[in-house]
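Accompanying notes for the structure given below.
We did not get these values from a lab; they are worked out from the coordinates using the rules stated. Values in this document were obtained by computation on a predicted structure and should not be read as measured data. Reconstructed Cβ throughout: ideal geometry from the backbone, glycine too, with neighbour counts over all protein chains shown.
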Amino acid sequence: MSDSTPEPAERGSGAQPERLALFNDDPRLRRRRGWSGLIGVLIFAAAFGGLAGLIGGQVAGLVTAAVIGLPLLYVVMFNVRRQVWLEGKTVIVRTWRSRRIDLVEAQRIDLLVTDVRGARTVSLLVNAGQRGQTVKIDLAVYSGTGGRELGVLTLRRLADALVNNVEANGMVFAELLVAQLKSDARGDGAADRPLYRLASAAPSGKFAQRFTMEAVSRFVATLE
């Protein structure tokens, strides 16, 4: 990686932008996750339905199982179907239907750190300013001193798209991603990488911690 500086998007190019996965796109992993979720929903619904059945009879048990199980089943299926791609400057989100969010036109961008069972996920929360036009892009997941991160090419393409966003000051987030790329090129360990440092800086005991553009800008200013 000889030059990690983001570049403005090319204009007038007739070539179709490459589509890069921003979410795990392994069909086998999605199926395994779906079956695991389905089994969990059945066990959970059966437990509550059985308890209600002992108290109120068979009909009450079936109704309770349906009330508990159907919303959980919807959540499981939603997550199984969810796929996120980057295509040029546009993020495409597919669940029951497809949505397209233009990173250059987004009105607000925040950095979000979530903590679930000791695994911290660093994400960009992109808001296009319209109903249903919000997307969370997971950049890295860390647990202990290791984890997994988006690939170098994907991070670079994200930086190239964000640098053109004036409304939400995307330059700040592009510089963060460039700093991550430079850290990767130097061969830094996880603990020395910017995204890991941000994940570690989030307070413990909170499921989600939002970093505003101003907070990210102050952090980026401390990086080399």
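A few remarks follow.
- With the cut-off at under 17 Å, measuring from each backbone N in the stretch 182-224 to a point 7 Å along the Cα-to-Cβ line of residue 108 picks out 208-217.
- Segment residue 81-residue 119, extension gain: residue separation times 0.36 nm, minus the distance between their alpha carbons: 11.4 nm
- Read-out Rg and Dmax of the Cα atoms in Å, derived from the coordinates shown; its label in [x] 28.0, 107; [y] 20.7, 70; [z] 18.4, 55: [y]
- Nitroxide proxy distance, nm - points 7 Å out along Cα→Cβ at residue 143 and residue 99: 2.8
- Distance cut-off 13 Å, percentage of C-alpha pairs in the stretch 171-218 lying past it: 60
- Cα centroid separation - the stretch 101-148 against the stretch 31-64, whole Å: 33
- Among the GluC sites (Glu not before Pro) found in the stretch 133-206, those both in a DSSP coil and sparsely packed, with 13 or fewer other Cβ atoms within 10 Å of their Cβ, are 167.
- Gaussian network model of the chain, springs between alpha carbon atoms under 10 Å - residue of 126, 135, 59 with greatest fluctuation: 59
- Distance between the pseudo-spin-label points of residue 186 and residue 62 (7 Å out from Cα toward the beta carbon): 6.6 nm.
- Stretchable slack from residue 54 to residue 221, in nm (0.36 nm times residue separation minus alpha-carbon distance): 53.9 nm
- Listed by chain and number, the lysines whose C-alpha is less than 21 Å from the C-alpha of residue 136, apart from same-chain residues fewer than 8 away, are 89, 206.
- Dipole axis of the chain (+1 Lys, Arg; -1 Asp, Glu on Cβ), positive-most option in 107, 223, 176: 107
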